[in-house]
Amino acid sequence: QLVESGGELVQAGASLNLSCAASGGTFSRYTMGWFRQTPGKEREFVAAIMGNGGGIGIADSMKGRFTISRDNGKNTAFLQMNSLTPDDTGIYYCAARKDSESVFNNWGQGTQVTVSS
(Lines give C-alpha, C1' and ligand atoms only; values in the text may rest on other atoms or scores of the structure.)
Protein backbone atom coordinates (compact mmCIF):
# COMPACT_ATOMS: atom_id res chain seq x y z
CA GLN A 1 0.00 0.00 0.00
CA LEU A 2 1.24 3.46 -0.89
CA VAL A 3 0.03 6.65 0.76
CA GLU A 4 1.11 10.05 -0.50
CA SER A 5 1.10 13.23 1.53
CA GLY A 6 2.44 16.75 1.40
CA GLY A 7 0.41 18.25 -1.39
CA GLU A 8 -1.14 21.64 -0.77
CA LEU A 9 -1.88 25.06 -2.19
CA VAL A 10 1.23 27.21 -2.54
CA GLN A 11 2.29 30.33 -4.39
CA ALA A 12 4.56 30.31 -7.41
CA GLY A 13 8.19 30.05 -6.41
CA ALA A 14 7.47 27.98 -3.32
CA SER A 15 8.78 24.52 -2.49
CA LEU A 16 7.03 21.35 -1.43
CA ASN A 17 8.26 18.00 -0.20
CA LEU A 18 5.93 15.14 -1.01
CA SER A 19 6.11 11.87 0.90
CA CYS A 20 5.08 8.35 -0.03
CA ALA A 21 4.74 5.89 2.82
CA ALA A 22 4.86 2.25 1.76
CA SER A 23 3.72 -0.90 3.52
CA GLY A 24 3.27 -4.55 2.69
CA GLY A 25 6.59 -5.48 1.15
CA THR A 26 10.37 -5.28 1.43
CA PHE A 27 10.74 -1.62 0.61
CA SER A 28 14.41 -1.78 -0.32
CA ARG A 29 13.64 -4.19 -3.15
CA TYR A 30 11.30 -1.80 -4.90
CA THR A 31 11.90 1.02 -7.33
CA MET A 32 9.79 3.99 -6.34
CA GLY A 33 8.44 6.45 -8.84
CA TRP A 34 6.54 9.70 -8.94
CA PHE A 35 4.10 10.61 -11.69
CA ARG A 36 1.75 13.51 -12.13
CA GLN A 37 -1.52 14.28 -13.85
CA THR A 38 -1.82 17.93 -14.77
CA PRO A 39 -5.03 19.49 -16.14
CA GLY A 40 -5.61 18.64 -19.78
CA LYS A 41 -2.64 16.32 -20.03
CA GLU A 42 -1.98 12.64 -19.68
CA ARG A 43 -0.21 11.28 -16.67
CA GLU A 44 3.51 11.83 -17.01
CA PHE A 45 6.65 10.46 -15.43
CA VAL A 46 8.36 12.72 -12.92
CA ALA A 47 11.13 10.74 -11.24
CA ALA A 48 12.18 7.29 -10.08
CA ILE A 49 14.73 5.79 -7.71
CA MET A 50 15.83 2.19 -7.34
CA GLY A 51 15.62 0.20 -4.14
CA ASN A 52 19.22 0.84 -3.10
CA GLY A 53 18.91 4.57 -3.74
CA GLY A 54 20.74 4.45 -7.06
CA GLY A 55 19.54 4.53 -10.63
CA ILE A 56 17.83 7.88 -10.20
CA GLY A 57 15.92 9.24 -13.17
CA ILE A 58 14.17 12.58 -13.46
CA ALA A 59 12.14 13.93 -16.36
CA ASP A 60 14.16 16.42 -18.38
CA SER A 61 11.64 19.21 -17.84
CA MET A 62 12.01 18.88 -14.07
CA LYS A 63 15.73 18.43 -13.71
CA GLY A 64 17.25 21.10 -11.54
CA ARG A 65 13.99 21.74 -9.70
CA PHE A 66 12.81 18.30 -8.51
CA THR A 67 14.76 15.77 -6.46
CA ILE A 68 13.76 12.23 -5.56
CA SER A 69 15.06 10.40 -2.52
CA ARG A 70 14.13 7.61 -0.15
CA ASP A 71 14.61 6.44 3.41
CA ASN A 72 14.56 2.66 3.47
CA GLY A 73 14.56 2.65 7.26
CA LYS A 74 11.24 4.48 7.21
CA ASN A 75 9.78 2.82 4.10
CA THR A 76 9.25 6.26 2.61
CA ALA A 77 10.06 7.95 -0.66
CA PHE A 78 10.19 11.70 -1.17
CA LEU A 79 9.85 14.21 -3.96
CA GLN A 80 11.36 17.61 -3.23
CA MET A 81 9.97 20.23 -5.57
CA ASN A 82 11.46 23.71 -5.78
CA SER A 83 10.63 26.86 -7.75
CA LEU A 84 7.10 25.67 -8.37
CA THR A 85 5.07 27.26 -11.15
CA PRO A 86 1.35 27.07 -11.96
CA ASP A 87 2.23 24.49 -14.64
CA ASP A 88 3.19 22.12 -11.83
CA THR A 89 -0.40 22.07 -10.59
CA GLY A 90 -1.85 18.58 -10.62
CA ILE A 91 -2.25 15.31 -8.80
CA TYR A 92 1.02 13.65 -7.88
CA TYR A 93 1.07 9.88 -7.63
CA CYS A 94 3.53 7.55 -6.01
CA ALA A 95 4.13 4.18 -7.64
CA ALA A 96 6.22 1.10 -6.95
CA ARG A 97 7.62 -1.84 -8.86
CA LYS A 98 10.15 -4.49 -7.98
CA ASP A 99 13.64 -3.58 -9.12
CA SER A 100 13.58 -6.58 -11.45
CA GLU A 101 10.38 -5.52 -13.15
CA SER A 102 9.69 -2.84 -15.73
CA VAL A 103 6.11 -1.83 -14.99
CA PHE A 104 4.86 0.17 -12.04
CA ASN A 105 1.98 -1.93 -10.78
CA ASN A 106 1.36 -0.47 -7.35
CA TRP A 107 -0.09 3.02 -7.11
CA GLY A 108 -1.13 5.42 -4.42
CA GLN A 109 -4.27 7.54 -4.45
CA GLY A 110 -2.41 10.74 -5.22
CA THR A 111 -1.93 14.06 -3.51
CA GLN A 112 -3.09 17.38 -4.92
CA VAL A 113 -0.56 20.12 -5.59
CA THR A 114 -1.90 23.52 -6.53
CA VAL A 115 0.40 26.40 -7.41
CA SER A 116 -1.16 29.85 -7.65
CA SER A 117 0.36 32.67 -9.68
Do you know which of the residues in the stretch 6-53 that are among the polar types (S, T, N, Q) and surrounded by 14 or more Cβ atoms within 10 Å (Cβ to Cβ) is modelled with the lowest pLDDT?
-> T38
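Can you tell me how many residues within the stretch 90-111 are small (G, A, S) and open to solvent by 50 Å² or more (accessible area, probe 1.4 Å)?
Final tally of qualifying residues: 2.
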In the set N106, N82, which member is among the polar types (S, T, N, Q), in contact (Cβ under 8 Å) with a residue 60 or more places away in the chain and more than 11 Å from Y30 (Cβ to Cβ)?
-> N82
What number of residues in the stretch 27-83 are closer than 18 Å to E4 by Cβ and of a type in the set (K, R)?
-> 4
Kindly indicate the residue of the stretch 88-117 that is in contact with a helix residue (DSSP H, G or I) (Cβ under 9 Å, 6 or more places away or on another chain) and outside any loop (DSSP other than H, G, I, E, B) and also nearest to W34 (Cα to Cα) among those meeting that condition.
-> A96
Which condition number does G73 fail, the rest of (1) under 18 Å from A21 (Cα atoms); (2) assigned to a strand (DSSP E or B); (3) open to solvent by 20 Å² or more (accessible area, probe 1.4 Å) being met?
-> (2)
Which condition breaks for I56 when tested against (1) modelled with pLDDT under 95; (2) open to solvent by less than 20 Å² (accessible area, probe 1.4 Å); (3) of a type in the set (A, V, I, L, M)?
-> (2)
When residues of the stretch 76-89 are limited to those that are open to solvent by 10 Å² or more (accessible area, probe 1.4 Å) and within 10 Å of the chain's Cα centre (by Cα), the one nearest to S61 (Cα to Cα) = Q80
Total residues in the stretch 61-70, condition outside any loop (DSSP other than H, G, I, E, B), at pLDDT 95 or above and not aliphatic (A, V, I, L, M) | 4
Can you find even one residue in the stretch 60-69 that is closer than 18 Å to E8 by Cβ and in contact (Cβ under 8 Å) with a residue 12 or more places away in the chain?
-> yes
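The values are calculated or read from the model by the stated rules, or taken from the named source; none is laboratory data. Everything numeric in this text was worked out from a predicted model, so none of it was measured. Counting neighbours? That spans all protein chains shown, and the Cβs are built from the backbone with ideal geometry, glycine included. Just so you know, the surface numbers come from the protein's heavy atoms only, side chains and all, with ligands and any DNA or RNA stripped out. Shrake-Rupley method; radii C 1.70, N 1.55, O 1.52, S 1.80 Å.
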